[in-house]
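The structure appears below as structure tokens.
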Number of protein chains: 2
Amino acid sequence: MNMTINYPNGRPFIPHHKEFSNRTQVASHKQAAKNKLVFGNRGMTLESDINASNETYLVQNIAVIHKKPVPVQIVSVDYPKRSAARITEAYFGKASTTDYNGVYKGKYIDFEAKETKNKQSFPLKNFHAHQIQHMEQCAQHGGISFVLLRFVLSDRIFLLPISKLSVYWNNQKNGGKKSILLKELEQDGYEIQYGIAPRIPYLNAVDKLIELEKQS
Amino acid sequence: MNMTINYPNGRPFIPHHKEFSNRTQVASHKQAAKNKLVFGNRGMTLESDINASNETYLVQNIAVIHKKPVPVQIVSVDYPKRSAARITEAYFGKASTTDYNGVYKGKYIDFEAKETKNKQSFPLKNFHAHQIQHMEQCAQHGGISFVLLRFVLSDRIFLLPISKLSVYWNNQKNGGKKSILLKELEQDGYEIQYGIAPRIPYLNAVDKLIELEKQS
């Protein structure tokens, strides 16, 4: 089946390919498919809220953090006369890094955002080994790296630093449990309360991480 | 005309879309077209050398710096049974930020790389207003932002910090000259000598920028 992709807000995608920004990217195929077929627009809430929050942080001159473009492997391109090059065959790729990065208070910021429909735990299968490794490397070089985890049904969001995520990840690799319990996130993570502008004020939690770093 | 895109080294592109990294991205359509039609593989040298250098820095545990995926606006996707989703219509986008970013010695690193066939000057038309603005914003928040400029014919590479590039850029906006002279780059930039691993050791020049920052 051949389907047109809609924007997160449900508007149909209209290409204005002369000039557009990374910020107006469509979601990955999985998200887009999920979106259309199962959840309506719900699956896109976290991504669009984070993008809007980053835009607010940028406009308010607080931080420069962007979502990276979706990686695409291009196979065929058509170059029509007098109009824009058209990609006619391409495939979605799996990112080797994280979705978001940038700079805040002189610090390198690097994170990934994920959602679950579970109520009491966050499955670790949402992450890939190379993403965990990337976040560990960023932290090792003095960056601040974390995941934003959202429980869709209760609409609660937690920031979990990579240092804590790594513990659960390694534990799982050694035969431990396959998810992080909500009560563990309440302990190890920083819950983020929705705001107006920014909608998801996650840099408040980053401030706490910076504060902790200074103390240690 | 419908053409297959080759890798920088001239090997034909073979999609292995189950899992691949940002690092093996094909070039933008302009570069790819240029590549095939005019310059052979020469136009890709800088990008592939920088990617290889970043890989070396990563493996040597010196820095975590990646090229961002090429921004693509996706219009149509086909979901065949039992095989990977296939993008059947998409267009190249213009990035609102820069091509490379990451973390080095706790610093946020953000840069763009450009080439010219000119001998004595580097045309400012290689940059877009939104890229300059992005680099200025990164610097303002404590990041280290710069451009790597390569003269193709003499194969000389210079690192020019955004603080210096902004002067030329603003001067041009106010009716000044449209390019940076080679002798100005010799003065304001840091020339980078090719190495073996990394091939383009641009972080040596970044070390000088960090040193200057400490002194000021």
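The base-10 log of I(q)/I(0) for the stretch A:74-145, evaluated at q = 0.16, 0.19, 0.25 Å⁻¹, reads -0.76, -0.85, -1.08 [Debye formula, identical scatterers on Cα atoms, solvent excluded]. Kindly list the residues of the stretch B:189-216 that lie in the label zone of B:Val59, defined by a backbone N under 11 Å from the point 7 Å along the Cα-to-C-beta vector. Inside the label zone: B:197-199.
The heavy atoms of A:Ser216 offer some 120 square angstrom of accessible surface to a 1.4 angstrom probe. Taken per residue, the accessible surface of the stretch B:48-186 reaches 38 Å², heavy atoms only and a 1.4 Å probe. Measuring only protein heavy atoms, the 1.4 Å probe finds B:Glu191 accessible over about 70 Å². Taking a 24 Å limit on the Cα-Cα distance, which of the listed pairs A:Lys119/A:Lys164; A:Lys105/B:Lys183; A:Lys67/B:Lys208; A:Lys94/A:Lys125; A:Lys68/B:Lys178 fall beyond it? Long pairs (Cα-Cα over 24 Å): A:Lys105/B:Lys183; A:Lys67/B:Lys208; A:Lys68/B:Lys178.
Protein heavy-atom surface of the stretch B:132-216, 1.4 angstrom probe: 49% of the accessible area is carbon and sulfur, with nucleic acids and ligands not counted.
Accessible surface ranking for B:Glu184, B:Glu112, 1.4 angstrom probe, highest first: B:Glu184, B:Glu112. For the set A:Asp49, B:Asp207, the ranking by accessible area, highest first and with no ligand, DNA or RNA atoms included, is B:Asp207, A:Asp49 under a 1.4 Å probe.
Does the stretch B:126-181 come out rounded, prolate or oblate, given a ≥ b ≥ c as the square roots of the eigenvalues of its C-alpha gyration tensor, rounded meaning a/c under 1.5 and, failing that, prolate meaning a/b above b/c? Note, shape of the stretch B:126-181 comes out oblate. Given a 1.4 Å probe and the protein chains as shown, A:His141 ends up with an accessible area of around 30 Å².
Taken across both chains, chains B and A shield about 6200 Å² of accessible surface from a 1.4 Å probe. Between identical copies, the spacing of B:Gln215 label points, each set 7 Å from Cα toward the C-beta atom, reads 3.8 nm from nearest to farthest.
The values are calculated or read from the model by the stated rules, or taken from the named source; none is laboratory data. In this text, all values refer to a predicted model and were calculated from it rather than measured experimentally. Positions of Cβ are generated from backbone atoms using ideal geometry, with glycine treated the same way; all protein chains shown enter the neighbour counts. Note: areas computed on protein heavy atoms with side chains; ligands, DNA, RNA excluded. Shrake-Rupley method; radii C 1.70, N 1.55, O 1.52, S 1.80 Å.
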